[in-house]
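In what follows, a structure is listed as C-alpha cells, so that the remarks can point back to it.
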Amino acid sequence: LPLFERLERRIVDGERNGLEADLDAALTEKPALEIINDTLLSGMKTVGELFGSGQMQLPFVLQSAEVMKTAVAHLEPHIEQDSEGPEGNRGKGRIVLATVKGDVHDIGKNLVDIILSNNGYEVVNLGIKQPITAILDAAEENGADAIGMSGLLVKSTVIMKENLEEMNSRGVATRWPVLLGGAALTRSYVENDLTEVYLGEVRYARDAFEGLRLMDAVMA
Ligand code: B1M
C-alpha cells in the first residue's frame, strides 16, 4: 500500500510494527497536524464504523486506540508551535480539561490539549472519568479561565447537562465559560438545550481547532 493508506490501515488494524518509520516518512511530505487530521483520524473513524456495525470487537478497538495514541505522541514534537517560541508562551490563559464522569474516551480530549498547549494556553488535563467536583476543585486551585469537558458517550451528554446544573446551583456559572466537545454532542444540543440550562457561557467545539478558536474568543 502507498504510505498514507498504509498508515491509515495501521490504525484500523492496530498494527504498531513499523509505525514510527512510516510516520517519519510521512513527516517529510506533510505537516504533523495534517497527518493526524487526514490520515489517522480517518482510520479512527473507520474503527468507529466497524465497531458500531458489529464487525470489530472491543479489544481490537482498544488496540487501534493504542496505536493512535502512540502515533500522536510521536508526531506531537513536530506540531507547529505558535509564533511565541518552542516552549510556547503559555500566557494566553488557563483551561482545566477533563473527560466527564463515567467516560474513558480520551484521544479527542488529548488532541485538544495538544492544540491549545501549542497555541499559548496552559492546559490542566485531569484525565478521564472526572466528576464535576474534581473539575471545579481543579479550576479553583489553578485559577482557570475556562473549563473544557469532553465525552463521547450519549450518556456523557446528560452528565454534561448535570454538571452545568451543578455549577448553577453552586453559584459559579458566571465564573467559568465552559467548552464542550465529543462525538455524541451536537451543536444544536449545546447551543439550544444547554445554553438554556447554564447561567454562564457554554460553547460547542466540533473539533480541537474550534476549541482553540473558542478559547481565543473567550480570552479576547
Ligand atoms: Co468507545 N464508543 N466505548 N472506546 N469508541 C464510541 C464513542 C462509540 C460511538 C462506538 C460505536 O458504537 N460506534 C460508542 C458510543 C455509543 C453511544 O454512547 N451512543 C462507544 C462505546 C459504546 C464504548 C463502550 C461502552 C464499549 C463497551 O464497553 N461495550 C466503552 C465505554 C467505556 C466508558 O467510557 N465507560 C468504550 C470503550 C472504548 C475504548 C476504551 C476501547 C476506546 C477508547 C480508548 C481511549 O480513548 N483511550 C474506544 C474508542 C477508540 C471508540 C471510537 C471507536 C473512537 C473514539 C476516538 O478516539 N475518536 C468511538 C467511535 C466514534 O467516536 N465514532 C467509540 C477519535 C477522536 C479524535 O475523536 O474524541 O470525537 P473525538 O474528538 C474529536 C471531537 O469530538 C472533538 O475534537 C476531536 C477532533 O479534533 N472533541 C473536543 C472531543 N472532545 C473535545 C473537547 C473540546 C473540544 C473538542 O473542548 C473541551
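Close amide H pairs (under 5 Å, H built 1.01 Å from N) link Val124 with Ile95, Val96, Leu97, residues at least 5 positions away or on another chain. Panel note: the C-alpha atoms of region 96-220, placed on their principal axes, show extents of 33, 27, 24 Å (largest first).
Rounded to the nearest whole Hz, the Karplus-based 3J(HN,Hα) values (6.51 cos²θ - 1.76 cosθ + 1.60, θ = phi - 60°) of region 135-147 follow the sequence 5, 5, 4, 5, 5, 5, 4, 8, x, 5, 8, 7, 10, with x at glycine and proline.
When the P(r) is computed for the chain, the part past 21 Å accounts for 56% of the Cα-Cα pairs. Using the beta-carbon distance between Ala25 and Phe51 and R0 = 35 Å, what value does 1/(1 + (r/R0)^6) give for FRET efficiency, to the nearest 0.05? E(calc), rounded to 0.05, equals 0.75. For the chain, the relative contact order comes to 16 percent (Cα pairs under 8 Å, sequence separation of at least 6). Extending 7 Å from the Cα toward the beta-carbon at both Glu5 and Glu191 defines two label points whose distance is 3.8 nm. With the convex hull of the Cα atoms taken as the outline of region 1-121, the averaged projected area works out to 8.4 nm².
Listed values for region 37-51 are Karplus-derived 3J(HN,Hα) couplings in whole Hz (6.51 cos²θ - 1.76 cosθ + 1.60, θ = phi - 60°), namely 5, 7, 9, 5, 5, 5, x, 5, 5, 4, 4, x, 5, 5, 5, and x replaces Gly and Pro. Count Lys and Arg as plus one, Asp and Glu as minus one, and take only other residues whose Cβ is under 12 Å from that of Glu8; the net charge is then -1.
Just so you know, all these numbers are worked out from the coordinates, no wet-lab data involved. Predicted, not measured: the structure shown is a model, and the values here were computed from it. Because the Cβ atoms are built from the backbone with ideal geometry, glycine has one as well, and the counts that use them run over all protein chains shown.
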